[in-house]
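Okay, structure first, notes after.
Taken together, the values in this text are just the output of simple stated rules run on the coordinates, not laboratory data. Quick caveat: nothing in here was measured; it's all calculated off a predicted structure. Note: ideal-geometry Cβ built from the backbone for every residue, glycine included; neighbour counts use all protein chains shown.
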Amino acid sequence: MKIPSKFKNAVIVAACLWGAASSSVHAAAIVNVFETGGNVRFELEAGGSLDLTGAGSPILFGYTADVAPSSSSFGLGLGNIHLYSNVLTGPSSFGPGGSIDATSAGGNTAGVFLGTRLAVPVNYVSGTLLGNSFAQYDVATFVSLGITLGTYIWTLPSNDTITLRTTVAPQPPQPPQPPQPPQPPATSVPEPGTIAIFGLGLVGLGYMRRKRAT
């Protein structure tokens, strides 16, 4: 089946536009931080990936999940990491807090250290999914950890980004309130002065009737 040339041209233009659009979209990793049940929790959103083109060669490091807002550092997950040095550009801090180890952590390792170093799971393949991970700090708040509320973004040479975002944990829905019964209409009660004037009027009326009778 022959395709008319005008349709061929339309397909070519659409393909070019799609290619340009797709080349401008970069992968990202997003870490949400929120207070919940008297604790602070860091969670890596599912579906994040990072393009490590231009990041160089990593170094194998032992690792413990922690947070240090004043030095622009946070980590999630358990296990060793591959650390890429001097590959990130972004904020040098996200609050005044010092280094605190997480109470618990799980999932694949990931994090930012000293604002310029990237931690990923050992043998992470560029562009693949990072997977879920978390780090939790029990009996803590944003204030006690020294985290300043906001959104912080670090950028790789590939222009992929890592975002740390402080959020409010979703609240459970409140049960509906029962309807209030109708209130009876208010009855006006005469003030004492009004009662006294009314009484004097009755006395005067009685006096006038007696005077007419005589």
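Quick rundown of the values:
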| quantity | calculated |
| --- | --- |
| Selected residue (criterion: farthest from the chain's Cα centre (by Cα)) from residues of the stretch 37-58 that are of a type in the set (A, V, I, L, M) and not in a strand (DSSP E or B) | Ala55 |
| Which numbered condition Gly127 misses (of (1) crowded, with 19+ Cβ neighbours inside 10 Å; (2) in contact with a strand residue (DSSP E or B) (Cβ under 6 Å, 6 or more places away or on another chain); (3) assigned to a loop (DSSP other than H, G, I, E, B)) | (1) |
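Conditions tested, residue by residue: (1) in a loop (DSSP other than H, G, I, E, B); (2) buried (at least 21 other Cβ atoms within 10 Å of the Cβ).
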{"residue": "Asn32", "(1), (2)": "no, no"}
{"residue": "Glu35", "(1), (2)": "no, no"}
{"residue": "Leu60", "(1), (2)": "no, no"}
{"residue": "Val67", "(1), (2)": "no, yes"}
{"residue": "Gly79", "(1), (2)": "yes, no"}
{"residue": "Leu83", "(1), (2)": "no, no"}
{"residue": "Val87", "(1), (2)": "yes, no"}
{"residue": "Ser93", "(1), (2)": "yes, no"}
{"residue": "Gly98", "(1), (2)": "yes, no"}
